[in-house]
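The values are calculated or read from the model by the stated rules, or taken from the named source; none is laboratory data. Note that the structure is predicted; figures quoted are calculated from it, not measured. Positions of Cβ are backbone-derived with ideal geometry, glycine not excepted, and every protein chain shown enters the neighbour counts.
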Amino acid sequence: MAIIKDRGFILRTFDFRETSKIAHIFTKKSGKVHGLLKGFRKGKKEFTTSLDLFSLNEFIFYQSRNPLWLVSSADMIYNFPYLRENLEKNLIANYIVEFIDKISPLNFPSSEIYSLIKESLLFLRENHSRKILYIFQIKALQFSGFKPSLIFCIKCNREIINKGYFSVKLGGLLCPECLKYDKFSKGISEELILSLKYIQKNDFKKALRIGLKGNRETELIEILEEFISYHLDTKIKSLYSLKNF
Ligand SMILES: [Zn+2]
């Protein structure tokens, strides 16, 4: 059994047996890890963290072939206080970790996903929450292999010039001639197509320069939600709290 020191974000926690806790953690070196913290609820001194959702912690793991890795120590590094004082930001942070937990395979490192979690949580501090939400969704889909095709028609491969129809089912844009392949596809504006491409192509910080106005922003969020609920066969609970907000 190798001993690994690593840091990671808390995606989910639940009680285990009498005194222990299990945490789903997205770590820097090992991707998603399921960690067992024995005696956590008895207040063992090796654990100086409260394991709050989306907090960043430092861990010592005993790596094993068993999917559950033993955690011998856990210390809080940062718990993002500004995300615990504002309800909307809090819901988005919860959505981010729930989404990552759902899409991430176990023990599969991804520096892209690790940085995406970190940047989304940090940029939520100063930025418009809904903008962080859709940039996060577009990038999370891209990094996990669900990238919608936006440059060429997914049926005939012709370049989409100014009018495209977004097909949730087929996973990208159709040209006007191929519209017949999915009657439920939705016409989307050139501005939206350009924004989607821009976010896919640029890093998070540059993507923040996007300035979609009211209706366009709602249109984008609706398309993404439909795409996500179609392609990920599980429901993301915190989305419902977000919608009711
Ligand atoms: Zn076509």
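A few remarks follow.
- Only one entry in Leu133, Leu192 is in a helix (DSSP H, G or I), away from the ligand (no atom under 13 Å from the Cβ) and more than 21 Å from Leu53 (Cα to Cα), namely Leu192.
- Sole exception among (1) within 11 Å of the ligand (Cβ to nearest atom); (2) touching a residue at least 40 places away in the same chain (Cβ under 8 Å) for Ile154, by number: (2)
- Within the option set Lys186, Lys213, Lys169, being closer than 20 Å to Gln137 by Cβ and not assigned by TED's automatic domain parsing to the domain that holds Ser111 holds for one residue only, Lys169.
- Qualifying strands (runs of 3 or more DSSP E) (wholly inside the range 1-90; at least 3 residues being small (Gly, Ala, Ser) and more than 25 Å from Phe143 (Cα to Cα)): 68-78
- From the list Ser238, Ser229, Ser149, the lone residue that is over 14 Å from the mean Cα position of the chain (by Cα) and hydroxyl-bearing (Ser, Thr, Tyr) is Ser149.
- Residues (within 25 Å of Asn127 (Cα to Cα) and either of a type in the set (Lys, Arg) or in contact (Cβ under 8 Å) with a residue 40 or more places away in the chain (or both)) located in the range 36-85: Asp52, Leu53, Phe54, Ser55, Leu56, Asn57, Ile77, Phe80, Tyr82, Leu83, Arg84
- Of the set (1) in the same structural domain as Lys29 (by TED's automatic domain parsing); (2) modelled with pLDDT of 95 or more; (3) touching a Phe, Trp or Tyr at 6+ places or on another chain (Cβ under 7 Å), all apply to Asp75 but (3).
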